[in-house]
Each structure stands twice: as C-alpha cells, then as structure tokens.
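Working notes for the structure below.
The values are calculated or read from the model by the stated rules, or taken from the named source; none is laboratory data. Since this is a predicted model, take the numbers as computed values, not measurements. Reconstructed Cβ throughout: ideal geometry from the backbone, glycine too, with neighbour counts over all protein chains shown. Heavy atoms of the whole protein, side chains included, go into the accessibility calculation; ligands, DNA and RNA do not. Shrake-Rupley method; radii C 1.70, N 1.55, O 1.52, S 1.80 Å.
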Amino acid sequence: TPPPPLLWPRSGREMAKSQTAAEGDLRSKKEALRAAVREALAQRKVLKAAQVALRRCCNRATCVQRRKKARSQALHVARACLEACRRQGRSLTGARQRVAAARQRLQEESRLAAEAGAELRAARARRRLQEEAVQKAFANRDRARTGVKVQALLLRQLRAARAAEALRTRRLQALEAKQEAQRRELAAKQRAAAAQLEERLQAQRRSFKRRTVERAQEEERARKRRAKAFAAAARSGEPMHADKFHRRAAANDEDLSGQLSELRPRGQRHDYTLVYLHQFCLDGKSYVEWRPHYFFSATKLPHLRLKVTLPTAKAIPITVHDGAEQYAWYDYKTDFEGRQEDELDRQSLRETQSHIFSILDREIALLNGDASRVFLGGASQGCCTALHCALTYPRLLGGFVGFVGHLLSSSPVPAKKRNLPIYLYNGREDKTMRWGWVRNTYRRFDDAGYTDVHIKVEAGVTHEGPKNKEREWIHDFLSSRIPKHEAVKA
C-alpha cells in the first residue's frame, strides 16, 4: 500500500503530532522488516535442506539405475549361456536357474528404480515449492524494506518541515520585532516632524500676520500718499500721475494734424517705447494732457521706464462725411454703421503707414536698434491702422496691443510675423465694430499659423466704455510683455 501524500500541517502542535505518528509507523515498519528478514532466512535454510535431499535422491536414483543396468546385462549373459547349452545339448537346469535368478534380481532393481524415481520427483516438487516460498519471503522483505525507506523519507520531510516552520517562525518573530521597532521609530519621527511642522506653521502664521499688518500699513500709507497727490493734482488742475512723466504736447492747439506728443519717464532713461494711435476724430495730445495715468500704475507698474509716443493723425477729408476734415488715419468711403467692415481709401492708409514707419525707425534707433523693446498699439481706427503697420513693418516688434478694433481685410498676414505677440481687446456690446464679424477677421491669424495671439472679449463693454477700461487693458498688456524684474526696481 503506497504511503499517504504529505500534507504540511498548519500549526506546530499538528506538526509534532504528525511527526510522532510517523515515528511510530517507522518503528512498526522496521519490526515488520526484521520479521520478514527472519522469515526469508528460515525459508532459505529450508530450501537448502530440500536441495540436499534432492541431491541425495538424485544420487540414489543414479545408483539404482546403474545396478538395474548391471542386472539387465547379467540377465542377458544368463540367457546367452542358456542358449549355448541348448545348442551344445548340455544340461539346461543350471542355466535356467541362473536366468531365473538374474530375472528376479532385475525385477527387484526395477522396483527400487521406480521407487527412487518417485522419490526424486517428490523431492523436486518440494524444492520448487520451497523456492516459491523463498521468493515470496524475499518479496515480502523487499516490500517491507521499501515501506521503511518511504516512512523514513516521510519522517525526514516532516522533520525538515518542522525545522523550516520553526525557522520561519523565528524569522517572522525577528521581522515583527524589527517592524515594531521601525514603527516606534517612525512614530517618534512623525511626532517630532509634526511638532517641528507645527512650530514652523506657528512661525509662518506669526510672520504672515506681521507681513499682513505691515502690508496693510504700507497700503494705508500709499493710499494716503495717493489721496494727497490726487488732492494736490485736483487743486492744481493736473491729471493723475502727471508728475511721473515729462509731458511734451503738440505746440499748436488749433491744428494738431500730424503732430507728435510724448510722455517720458521723469528723471531716468526709458527702456521701452509704446507708439499709440488714437481713435477716429480724436488726437494724441489729449492723452498727454488728461490721460497720462493710462500708462502708469502705482500698484502694477510703479517704476516702469516707459516712453509713450502719441502721434496725431493728419486732418483729411472723410468721404462719408461729405468731405469734412477729421483727424483720421485713413479715409472711409462707406459707413455700414457697425454691421460690417467699411470700405477704406488705401492711398490714405499707405501715407499713414509711411509716417508710422518713420516713427518706429526713430524709436528703435533711440533704443540702440532693439526692436523687441518697441510696442505698437491703438484704439478703434488706431487699432486697425497700428495692426496693419505692425504686420507690414520690415522688423519684428516687441508686441502689439489693440482695443475695440479689427484686422483690415487689406492687411496681409505674413508668415514671418507668425511669432509676433498680439493682444486684442474687444467689447461684446460694441455696436460700432460688432464682435459678430470682427472675430471672423481674427480667424485669419489661426489660418496663417500665428502662435502668440491673445484675444480678450468682455461682456458689458461698448465701443466707448466703460470709463478707464482702456487704461485697464493697457496695464494688462504692459504687465504681460515687460518682465517684472525690469518694470519694478527694488
């Protein structure tokens, strides 16, 4: 019977019980093996005795056969003597007696030979049976020996399993102890880190409160300074932040056609220039006299070294106004009242383009030829004109900013200006240049693959306002294009 399969116990008690049972089975199997060995040895002794008896029977049968043969030869000789006496006519009595005696002896030997043959066959049968018994005994011995080997192997496996389980238990205990120590150490570190973090948080909270108070005090002082400056400006009649610039306005108040006004940073050299084109029918001088705060912010751009060039368009006859002269960057041939783009006079646009190019050349030269520090922008008709000039100017400017305008259908969109930063601001409630068709003109930038176009459309904004929306957009553009470390000096 094959041994049962080895099933690893789950607990130490079960493993010990299994090992004890296996040891008992091994002892019983060893006893059975010793008994099988004794039985095999005894059967082998019996087999040896049967083999000795068989040899004796064989020897006896051989001797009987020899005597039988000798008796047969003696009978043949006696018969030959009887036949010779008969031919010679001698007395037959002695010869006949010898023949009868030889025949009787032959019969006796034949009986003995038959008995010896039967005894030999019986001995051979006993030997064959004994050989089978010996083979069976040795087979039992081999089975018992195999059982002992299997049981010993099972016992070794159980002992190895128990040793492995004991080793695993010791390792688990050591690992648990190590993990517990690490957990305690980690908990201690976490408590220390939490305490340190809480301490840092308290310090940062105190620092934040202190900075908040200081910032509030500084803002209060700045507010008071601004209020004082605004009151002084109101008493003197000067616009807000007029003291931050050297203002140079056009000299002739009656005819501003083609004249140039400027705002220069007071007491320092300028690092950037914005060329800004006014709206239709307005002029650049008004920005210098009444709106210098459009280009300065005490909070967003407190120390911006920016020069603002404010040209005034030439007074030209406007076709749709029956030839009345207005300050305009180009002539309008149609007036669709904001429903679509008006038709313009390209000759007047080319003259303005040449004039703006000369201004840009001069301003770039004043900045050592660095065109990236010169910006161009405008509002309404000034936006359309400035955008046309920025796209057709031979060099790449630092940026463009436009308010409540659009891209003229006659303006090209060259691939070499694909990286020009363009900032466009429009109002959703604009009735003069309605967003419904203005946005279609901006789609030409996407079709041409321009990568730096920023379009901002605000609800509630019309073509004329609200008030200071143009200033807010100008500040947004300047703070986006001028690096803070250059705009704000410590």
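Of all lysines in the structure, not one lies under 22 Å Cα to Cα from K416 without also being fewer than 8 positions from it along the same chain. Mean projection of the Cα convex hull over all viewing directions, computed for the stretch 135-174: 2.0 nm².
When D361, D446 are compared by accessible surface with a 1.4 Å probe, the order from highest to lowest is D446, D361.
Based on C-alpha pairs under 8 angstrom that are at least 6 apart in sequence, the stretch 417-490 has a relative contact order of 41 percent. Local charge sum around V148 (other residues, Cβ-Cβ under 9 Å, Lys/Arg +1, Asp/Glu -1)? So the surrounding residues net to +4.
Among the listed pairs K285/K314; K228/K285; K431/K469; K30/K149, a Cα-Cα separation exceeding 20 Å is found for K228/K285.
Over the stretch 331-490, the ratio between the Cα radius of gyration and 2.2 N^0.38 Å evaluates to 1.04. Taking amide H positions as modeled 1.01 Å from N, with prolines and chain starts lacking one, the residues under 5 Å from L344 and 5 or more places away or on another chain are K333. In the assembled protein chains, S410 presents an accessible area of approximately 30 Å² (probe radius 1.4 Å). Think of the chain as a dipole: +1 on every Lys or Arg Cβ, -1 on every Asp or Glu Cβ, centred on the Cα centre; then among L106, G338, G377, L106 lies furthest on the positive end.
What the phi angles of the stretch 89-105 give under the Karplus curve with 6.51, -1.76 and 1.60, with θ = phi - 60°, is a coupling list of x, 8, 5, 9, 5, x, 5, 5, 5, 5, 5, 5, 5, 5, 5, 5, 5 Hz, glycine and proline written as x. Which whole-number value in Å² is the accessible area per residue of the chain, probe 1.4 Å? With the other protein chains kept in place, the chain gives 60 Å² per residue. Computing percent of Cα pairs over 36 Å apart for the structure here picks out one of (i) 35; (ii) 65; (iii) 61, namely (ii). The peptide list 353-359, 173-179, put in order of mean Cβ contacts within 10 Å with the highest first, becomes 353-359, 173-179.
Backbone geometry of the stretch 466-475 corresponds, through the Karplus equation with coefficients 6.51, -1.76 and 1.60 at θ = phi - 60°, to 3J(HN,Hα) couplings of x, 4, 6, 5, 4, 5, 4, 5, 4, 5 Hz, x marking Gly and Pro.
Which of rounded, prolate, oblate describes the stretch 409-472, given a ≥ b ≥ c as roots of the alpha-carbon gyration tensor eigenvalues and a/c under 1.5 marking rounded, otherwise prolate only if a/b is larger than b/c? Taking the square roots of the gyration eigenvalues as a ≥ b ≥ c, the stretch 409-472 is prolate. With contacts taken as Cα pairs under 8 Å and at least 6 residues apart, the chain reaches a relative contact order of 10 percent.
Here the chain is treated with +1 on each Lys and Arg Cβ and -1 on each Asp and Glu Cβ, and its dipole about the Cα centre works out to around 10680 debye. For GluC sites (Glu not before Pro), the sites in the stretch 324-396 that DSSP calls loop and that have at most 16 other Cβ atoms within 10 Å are E337, E343.
For the chain, adding -39500 (n - 2.57) for each run of n ≥ 4 DSSP H residues and dividing by the number of residues yields -22000 deg cm²/dmol at 222 nm.
Extension gain for the segment Q340 to Q97, taken as residue separation times 0.36 nm less the Cα-Cα distance, is 70.2 nm to one decimal. For S261, the residues 5 or more places off, or on other chains, whose built amide H falls under 5 Å of its own are L310, T312. Here the chain exposes an accessible surface that is 51 percent carbon and sulfur, computed with a 1.4 Å probe and the other protein chains kept in place. In order along the stretch 444-458, the phi-based Karplus estimate (6.51 cos²θ - 1.76 cosθ + 1.60, θ = phi - 60°) of 3J(HN,Hα) comes to 4, 5, 5, 5, 8, x, 6, 10, 10, 9, 10, 10, 10, 10, 10 Hz; Gly and Pro are listed as x. Only one residue of W435, N468, V213 has its Cα farthest out toward the positive end of the dipole of the chain, where Lys and Arg carry +1 and Asp and Glu -1 on Cβ, and that residue is V213. You can think of it this way: the chain between Q202 and R79 has 29.3 nm of extra reach, that is 0.36 nm per residue less the Cα-Cα gap. Heavy-atom accessible surface of H321, to the nearest 10 Å², is about 80 Å², with a 1.4 Å probe and all protein chains retained.
Farthest toward the dipole's positive end in the stretch 291-382, which of A313, L360, L349, given Cβ charges of +1 (Lys, Arg) and -1 (Asp, Glu) about the Cα centre? Highest projection toward the positive end goes to L360. In this structure K228 has an accessible area near 150 Å², from a 1.4 Å probe over the protein heavy atoms.
Let me check I've understood the local charge: for K333, count other residues with C-beta under 11 angstrom from its C-beta, Lys and Arg +1, Asp and Glu -1. What total comes out? Every neighbour counted, the sum reads -4. Bridgeable lysines around K189 (alpha carbons under 27 Å apart, same-chain partners fewer than 8 residues away excluded): K178. Bridging of K45 to aspartates and glutamates at a Cα separation below 19 Å is possible for E131, E132, D142, once same-chain residues fewer than 8 apart are set aside. Take every pair of alpha-carbon atoms less than 8 Å apart whose residues are at least six positions apart; their mean separation over the length of the stretch 362-490 yields a relative contact order of 21 percent.
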